[in-house]
Each structure stands twice: as structure tokens, then as C-alpha cells.
Amino acid sequence: MRMNAVDKATETQLKNIEAKTGKSRAELLALARGCGLSKHGEIRDYLKKSLGLGHGDANTITHFATQPAAPAAGDDGIYTGAKAGLKPVHEELMAKIAKFGEFEIAPKKGYVSLRRKKQFAMIGPATNSQIEVGLNAKSLVGGERLKAVPPGGMCQYKVRLASRAEVDAELMNWLRTAFDAAG
């Protein structure tokens, strides 16, 4: 993703908070939103006390947790209605892919395209209960989970996910291969 200096600093801060607490960004936001408090200062102080965070870190989490709902990084509002439950899976994928390095997010009508010099992945809801990840990497070998797509499509392989638990090392290795091949 292309970010300005402030976005990069905030992203680094959020990653450091995740490392300090052992909680993912989604877990931190859920904790802040579910604490039963509504005022910014109260939520910030709750996070300072319950997680042992410093003022600045607790303030940053509170800021994001109290913002009006907006599309997650790169989801462009495709997880609404019956598909809203898939948003945490998308967020988990995007957070892990962001660790690979810079790439562009090109929102489409029902999915997002992830590009370097060329598209390496597509992510979007396939059904109300599954996300489909399309991958472009000729070196991959299809199988039970990684399904080969007939030639001529937008991607060479696809994987379906229903939960954050399925954003595992195997999937991330396939995505890393596609990321590197696009580059």
C-alpha cells in the first residue's frame, strides 16, 4: 500500500501495540468498542489500565475504535449486509499482506485487486459466508485447497475462506509467492 509519512508512522505504532499486547488490531478495536464506555477519554483510560498501554498508544486505539464505520483497508464497502461477518477475515488478510511490502489496492465492484507491477491477488466475498482469494503465480501447484482456475480468467488459482483461522501460513506462503512474482 502506498502511504504518506503520517500513515507509515501510525501503521508502525499500531504494529508495535499489537506486539506489546499480543492482540491483533481487530482484537484491540473490539476490546475498545466492547468495553461499555462511550467517551474517548474513558475508553483511552480503560485501555491504559487494562492493557498497560501508554497514553499515546491507548489514544491511537481509541481514535480508530471510535471512528464511524468505514470500509476496512481496501474493502471499499463490499462487506455489508449478510456479508458483514466476513470483514474480519478481509482485515486479517490485508494486515498480513501489508507486511510483504508496498502494493496498490484497486477497488472493483465486488472485490479488491492487489497489484505490484501486475495483479498478484484478488480478494472479495464469494458468498455470504466465504471470501475468495484469487492468486496469480505460475509456480504454484493446485490441490485440494488451492484450486486451479481454467486459463483465460483473472487469476490462475483460488482459495475460499470462511474464518480468520484459515488465514494461515499455507495461504500466506501462496500469497507471498504471488506477491514476489508480480514484482
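Is one or more of the residues making up region 57-65 surrounded by fewer than 13 Cβ atoms within 10 Å (Cβ to Cβ) and either among the aromatic types (F, W, Y) or out of contact with any strand residue (DSSP E or B) (no Cβ under 7 Å at 6 or more places or on another chain) (or both)?
Scanning region 57-65, I find no residue that is surrounded by fewer than 13 Cβ atoms within 10 Å (Cβ to Cβ) and either among the aromatic types (F, W, Y) or out of contact with any strand residue (DSSP E or B) (no Cβ under 7 Å at 6 or more places or on another chain) (or both), so the answer is no.
In a helix (DSSP H, G or I), of a type outside the set (A, V, I, L, M, F, W, C) and touching a helix residue (DSSP H, G or I) at 6+ places or on another chain (Cβ under 9 Å): is that true of Y79 in this structure?
Working: in a helix (DSSP H, G or I): no; of a type outside the set (A, V, I, L, M, F, W, C): yes; touching a helix residue (DSSP H, G or I) at 6+ places or on another chain (Cβ under 9 Å): yes.
Against the criterion (in a helix (DSSP H, G or I), of a type outside the set (A, V, I, L, M, F, W, C) and touching a helix residue (DSSP H, G or I) at 6+ places or on another chain (Cβ under 9 Å)), Y79 does not qualify.
Using the structure shown, decide if L93 is among the aliphatic types (A, V, I, L, M) and without any contact (Cβ under 8 Å) to a residue 40 or more places away in the chain.
Details: among the aliphatic types (A, V, I, L, M): yes; without any contact (Cβ under 8 Å) to a residue 40 or more places away in the chain: no.
Here the answer is no, as L93 does not meet what is asked.
Where a number appears in this text, it was derived from the coordinates with a stated rule and is not lab data. Note that the structure is predicted; figures quoted are calculated from it, not measured. Positions of Cβ are generated from backbone atoms using ideal geometry, with glycine treated the same way; all protein chains shown enter the neighbour counts.
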